[in-house]
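To keep things clear, I will list the structure first and then write my remarks on it.
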Amino acid sequence: MAKLNKPLFSLTAFGQITRGLIVRRRGSAAVLEAKPYPKDAKTSAQLSWRTMYQLAITLWHALPAAEKKAWESVATPHHMTGYAYFLSQALRPNPGIYLPLAGGTMSGNIAMASNRITALPAPTTDQEPARKLELTTHAALTTGAHGISGTIAGTSDTQTFTNKRTQPRVSSAASGDISPDISAADFYVRTALAAALTINNPTGSPAEGEKLILRLKDNATARAISWGAQYRAIEFALPTTTVLSKTLYMGFIFNITDTKWDLVAVNQQA
């Protein structure tokens, strides 16, 4: 249908004659010419936006009715339909519904299902994800890990230690009663006893053959020593007092059959 604003053969006519022809003013003349159409360049940017537009439309149609209704409510103050407002938010740059290829900040979790994230670079900071390569390399470190040579000892396997130093676990105080906790220490020290001493039965679930060493010294006054029922004399009697300003050592081994700490060594400073 022709859409002219003046008679076709007048000097002032302009507008569309057919779908492919138009009349336009050029100077003082009316010129009949083909209707121009913009060229579809199909650039990567155009194609990308068209793909995103189609994805947004598909996503809208996949929404449940309740969610579409929620979008309608949000769109009303903007004088838009829920559909139009949803598309405007889906296609806007971050923080829209989609994360731009240029990157941005996520506001929720990403459920990858059976999909993968590929081509990750090697991590350089603590907050970057590790690749399978790093995990595999770490799991394969059975020797040479963290500067350690030889086989690494586990918590349940059997190993023989050679040329290793094991430092005793020491609990030391100037004075006060001793209540040994074998799970915490195996060497108890009193350096200046200022009162009579009670040595209570050990706790901490001791195992067969565990050892306990006591080192005692008074503060220039001999102090009485009393013992819990689990301490037992074997060859040596349990000392009942310190010797003035002398250091006293005692060594015990746990007998799990009798639930006794057997005194196997006593040495008094000369």
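The values are calculated or read from the model by the stated rules, or taken from the named source; none is laboratory data. Everything numeric here is computed off the predicted structure, so don't read it as measured data. For neighbour counting, all protein chains shown are included, and Cβ atoms are generated from backbone atoms with ideal geometry for every residue, glycine included.
Answer with yes or no whether GLY144 is at pLDDT below 85, surrounded by 10 or more Cβ atoms within 10 Å (Cβ to Cβ) and closer than 30 Å to ALA45 by Cβ. Spelling it out, it is not the case that GLY144 is at pLDDT below 85, surrounded by 10 or more Cβ atoms within 10 Å (Cβ to Cβ) and closer than 30 Å to ALA45 by Cβ. One residue stands out among those in the stretch 192-222 that are more than 15 Å from MET250 (Cβ to Cβ), over 46 Å from the mean Cα position of the chain (by Cα) and not aliphatic (A, V, I, L, M): the one that is surrounded by the most Cβ atoms within 10 Å (Cβ to Cβ), which is ASN219.
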